[in-house]
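*Asks:* Please read through the structure below; I'll follow up with questions.
The values are calculated or read from the model by the stated rules, or taken from the named source; none is laboratory data. All figures in this text were calculated on a predicted structure; none of them were measured in a lab. Ideal geometry is used to build each Cβ from the backbone, glycine not excepted, and the neighbour counts take in all protein chains shown.
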Amino acid sequence: MEERIYLLELKNVNYKFTGGDRGWKGDVPIVRMNSEKIRNFGWVNEYTSYDAIKMSVESIILDAKKKKFNWEI
Amino acid sequence: MNKYFVIGGAGFIGSHLIRKIFKDEPESKIIIYDNFSSGKMWHLDEVIHNNNLKIVEDDIKNLDVLNETMKDSDVVYHFASNPDISKAVTQPDIDFWEGTYLTNNVLEAMRVNNIKNLLYASGSGIYGDTGYNEVDEDYSPQLPISTYGASKLACEALISSYCFMFDMNATAFRFANVVGPNQTHGVGYDFVRKLLKNNKILDILGDGSQSKSYIYVDDIVNALRTTEKKRLKGFSYYNVATLDYITVKEIADIVIDLLNLKNVDYKFTGGDRGWKGDVPIVRMNSEKIRNFGWINKYSSYDAIKLSVDSIISDAKKKKFNWEM
């Protein structure tokens, strides 16, 4: 049976920001792209940014629990 | 007093720059780093005995040597790249290995040595085939049609990113066709070589109507020096071109006139361009650098005439390994 994990179900996690407007030198902090040109071909995205992040994080959690990454846990 | 590191300093533009630096700043120290693939020792005849000049004959691909010799320099001029644009027709990776890859090594050597100032010889090829559009620096899309143009654009992209990530200052100069003494390639050079071998027939690539800006090397050196002295921060980029244009057929006419030839048959290979990758019509807007106060002293016509004169004179002195 497919195991599905939606969240890590954590609470009281402290966010520690390193500060500054970007992740690292070379990171672009604000990205806005117009994709009308390919949409005029009939392409549409099925998933929003919110959906995409949620689904990808789910699969990362699942893979991590299956020990697919060499992470210290 | 500046310490200059000139990569490709024995080549065409590099050798003129070195003469100019020593004239402007006799106390400055210059290291030439050149593999002498197209650079020539005789290009440096006027400066070779200057004690402030050091010549390192090596390849940028030897990153260890590059790192070591670049140490303690203040300003890097980077002219090293494949000078023969049409060569990629039969050797398509040449502009990567003798262009993009070299620039990556130059940037790395600058980063590890904490050298902040770079001036880079880019070219009009980054814009691709834009026809009679007079392109300014922010023209887009930049879609090169030759691996030469692609390499120049890739190099600019690498330089831009190093400026941001490692706090460097760099300027890329998008030159029109540069001509003058010591040039090692080019249409005028080819015409003189061909006509000294056969003064009855001249093979001309394309239909002769290719029309471009040709700029004299002294004007280029002035653009480099004017900009260097501004000490611009971050990454900047400038077109450097004349305000007039000249066709390949007109260049042939000038060469024939200067060689005092008559009744030469022009044999055109046909088609609108010299080879796959050649941009037949080049129009560039150079207002941005003109706003600095730079002006070209020579028109395209003057530049071609002066350069062909010097090519003929050097050929007669047997400075080239030409069959005649």
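*Asks:* Identify, please: which residue in the stretch B:73-89 is hydrophobic (A, V, I, L, M, F, W, C) and assigned to a helix (DSSP H, G or I) and is, among those, surrounded by the fewest Cβ atoms within 10 Å (Cβ to Cβ)?
*Replies:* B:V89
*Asks:* Select the strands (runs of 3 or more DSSP E) contained entirely in the stretch B:90-179, then report the ones holding at least 1 residues which are more than 19 Å from B:S38 (Cα to Cα) and either free of Cβ contacts under 8 Å to residues at least 60 places away in the same chain or within 14 Å of chain A (Cβ to nearest Cβ) (or both).
*Replies:* In the stretch B:90-179, the matching strands (runs of 3 or more DSSP E) lie at B:117-123.
*Asks:* Right, A:E58: within 16 Å of the chain's Cα centre (by Cα) and either charged (D, E, K, R) or within 14 Å of another protein chain (Cβ to nearest Cβ) (or both) or not?
*Replies:* Taking the combined requirement at face value, the residue satisfies it.
*Asks:* Same structure, new question: Checking the structure you have, find out if any residue of the stretch B:194-205 is over 30 Å from B:F36 (Cα atoms) and within 14 Å of chain A (Cβ to nearest Cβ).
*Replies:* no
*Asks:* A:Y47 fails exactly one of the following numbered conditions: (1) at pLDDT 95 or above; (2) assigned to a helix (DSSP H, G or I); (3) within 23 Å of A:L8 (Cα to Cα). What is the number of that condition?
*Replies:* The failed condition is (2).
*Asks:* Does any residue of the stretch B:33-48 turn out to be under 27 Å from B:N114 (Cβ atoms) and of a type in the set (D, E, K, R)?
*Replies:* yes
*Asks:* Then there's this: Identify all residues within the stretch A:24-39 that are part of a loop (DSSP other than H, G, I, E, B), of a type in the set (A, V, I, L, M) and away from every other protein chain (no Cβ under 14 Å); write none if there are none.
*Replies:* Residues satisfying the conditions are A:I30, A:V31, A:M33.
*Asks:* Assuming B:S211 fulfils every condition listed in (1) touching a strand residue (DSSP E or B) at 6+ places or on another chain (Cβ under 7 Å); (2) within 14 Å of chain A (Cβ to nearest Cβ) apart from one, which condition is it?
*Replies:* Tallying (1) touching a strand residue (DSSP E or B) at 6+ places or on another chain (Cβ under 7 Å); (2) within 14 Å of chain A (Cβ to nearest Cβ), B:S211 fails exactly one: (2).
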